[in-house]
Structures are given as structure tokens and as C-alpha cells.
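Working notes, structure below.
The values are calculated or read from the model by the stated rules, or taken from the named source; none is laboratory data. This structure is a prediction, so every number in the text was calculated from the model and none was measured. Cβ placement follows ideal geometry from the backbone for every residue including glycine, while neighbour counts extend to all protein chains displayed.
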Amino acid sequence: MPDTELSLTPREMLQAELNEIIGSLPDHALIPLKEIAESAYDIVNSGISEVTLQRIIQRIFVRSVNEFFTAEHVSMQMTQERLQRYRASTNPHQIQLPDTDAPVDISFDDVVRQRRSVRDYMATALSQEEFAAVLKRSFGKNGSEDGYGVRDIPLYPYPSMGGLSSFDVGIVVQNVDGIPQGYYRYDQVGHELESLITGDIRLALQDVTFESDWLLYAPFVVVLVHDANSFLWKYHTRGYRIAHIDVGAAMQSLYLASSSAGLGCCAVAGFLDEPINDLLGYNGLDKYVSLVIGVGKPATPLLSRQPH
Ligand SMILES: Cc1cc2nc3c(=O)[nH]c(=O)nc-3n(C[C@H](O)[C@H](O)[C@H](O)COP(=O)(O)O)c2cc1C
């Protein structure tokens, strides 16, 4: 270590490190970096002495409201490119799912009362009808409205920010009658499955999740995939916070649809980001796994569970 460095205080050393990092970054990276520094400055200026990463992130979101007002004329028109994610896929190799819209004979009260996180599943395969019905009831298009200068923007069983539904629905099929094992995208408009990875990925999924051995036995696993490009054009940085509320609403939709169909599910936030994104093919920055949810027929009948 050079003598000059030995005489530096810890703060001076940190500043030197920061300068080195900043010096190596491209110009455009300095704008968000300045935002971070100013957020830290705001916290200190408000009289709070401890500046933590969580507080800086929250402060960034508070400041992000300004983007709405300072962003130069942003068009609210849906471009053809963006519109594609709200239209049925034209991929000829999709698997069409059965359209089972039979009404469920259970009261809303019972649906809510029975809704519990279920981690023990029966070992038998799930029928295609049961599988398709729970997907449709949780995530399938169930209405439409005109907006953003175009007709027929789909509506879904869950609410979402600006109706943009900021995530994709991925499905790991593990044990469903007549559907080959693999990883699919659920086409929420066409009610079809688009194949993304073929074959059995159950063990690979185990490697990238933790404390979730039970996922191995779920007939299928839903993967809610954050898609930043679906909302950044309208909601900018602040959309990042709100998008996770969309995922929560969709998760509850799956919980309730499962409960109403005599199935059970359990959310899993215990996964390793980079490995799971590598496994399922997402870049991990704009598109990444936000939540994983195992679904199956409960090994213990729901009605024998004791609600409190
Ligand atoms: C966002 C979220 C993440 C969760 N992650 C996990 C998880 O990684 N592993 C797990 O076993 N349960 C997980 N759960 C399930 C909770 O443990 C469960 O909802 C909670 O214990 C309440 O039980 P209940 O859902 O049966 O009412 C998660 C739930 C939510 C909402």
C-alpha cells in the first residue's frame, strides 16, 4: 500500500474508492447516481442521522413522483410493439387449453375461509381441465376496455396499475395430464401455453429455490415474471414499486381460485435471483422472477383443516 494511502482516514479511503468507481462509469450512469446521492442528502437534511439503503430507496421513490411532471411530453398512446403483449399470441405451436368455465358451487365465505398456504400435494396428476380452469380463473382475460388510443385492452380477474398488468405468467408443468413437462408462458388472452423450455426441470428448480422441497411434488408451479418494459413508459421509476403490488393482487387471485376449486397453493419468495433467472431465461434486470407459487390438490382435504 503506498504511504499516501496509509495516512488516509476511513472516510477519505471510502471517498477515494467512490471516486474510482464513479470515474469508471459511463456519463449516463451519473444521472441515477446523483439521484441516489441527493436522496441520502435529503435524509440527512430532514434531521435523520442514520442513512440506510432502505431509506435511500424509499426516498428515491418519493422523489420519483417528480418524473411525472418533469418528463418531456410522454405519449399515452399504446405503440404497436407494446400492444403485442395484450393480444393472443400467433405462435402456431401453442397448446390450446380446454375452455372450462363451469360455475363453482362454493360460497365466497368458504373460499376465503379455506384459503391457506398448502405445501403437501397428492401424488396424482392434475387433470387438464382442473389445470386450465384455475389458470383461467386466476389470470385469464375476462373483459376488455378501450384505452391508450387502442381498442380492446384486456382486463383480468386481478386489478393492475393502469390496467397494464406488469408481469408475465410462467408455468412449470410438472405433473398435468396430457401436457408435456416443461416451462411455458401462459397466454392470458388466448388461454394457451407457449413452450419456453421442454423437459423435466423439477430438480433444476429445486437448486434455485430454498426450503421448498415440497415444490417438487406440485403438479404445476406458477412463476410471476416482472416485466419493466410494460410500465416504465408510463410510470417511470415509481412504477417499479407499484408493479410489485400487481404481483400481490395476482397471487391472491390464484390463492382464491385454487381454494374455490378444492386445490391449494403456496407462494415462494425463497429463491436465488440470478440462478432462477438464468434457468428460466430472463435477463434479471428488466425481466425477472418476482414470485413462485406451487399449486396442487391438497394431500389433506381442505375441509378437514381447522380455520381459526
Ligand atoms: C409474498 C409471499 C412470499 C412467501 N414465501 C414463502 C416461502 O418462500 N416459503 C413458504 O413456505 N411460504 C411462503 N409464503 C407463505 C406464507 O408463509 C404464508 O402465507 C403465511 O405463513 C400465512 O399462512 P396462510 O397463507 O396459510 O394464511 C409466502 C407468502 C407470501 C405472501
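Quick notes on this structure:
- Number of the condition not met by residue 269 [criteria: (1) aliphatic (A, V, I, L, M); (2) under 30 Å from residue 57 (Cβ atoms); (3) in contact with a helix residue (DSSP H, G or I) (Cβ under 9 Å, 6 or more places away or on another chain)]: (3)
Listed here are the residues, each with its yes/no results for (1) at pLDDT 95 or above; (2) over 16 Å from the mean Cα position of the chain (by Cα).
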| position | (1), (2) |
| --- | --- |
| 235 | no, yes |
| 243 | yes, no |
| 246 | yes, no |
| 253 | yes, no |
| 264 | yes, yes |
| 284 | yes, no |
| 296 | yes, yes |
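- Residues of the range 156-213 that are within 16 Å of the ligand (Cβ to nearest atom) and among the aromatic types (Phe, Trp, Tyr): 158, 167, 210.
- Per this entry, residue 85 is not counted among residues that are touching a helix residue (DSSP H, G or I) at 6+ places or on another chain (Cβ under 7 Å) and more than 24 Å from residue 156 (Cα to Cα).
- Residues that are buried (at least 20 other Cβ atoms within 10 Å of the Cβ) and within 16 Å of the ligand (Cβ to nearest atom) within the range 226-246 comprise 226, 243, 246, listed in sequence order.
- Residues being within 16 Å of the ligand (Cβ to nearest atom), within 23 Å of residue 219 (Cα to Cα) and either surrounded by 17 or more Cβ atoms within 10 Å (Cβ to Cβ) or not hydrophobic (A, V, I, L, M, F, W, C) (or both) are represented in the range 129-138 by at least one member.
- Residue within the range 258-269 that is within 15 Å of the ligand (Cβ to nearest atom) and part of a helix (DSSP H, G or I) present: yes
- Of residues in the range 75-102 being loosely packed, with under 12 Cβ neighbours inside 10 Å and of a type in the set (A, V, I, L, M), the one modelled with the lowest pLDDT: 102
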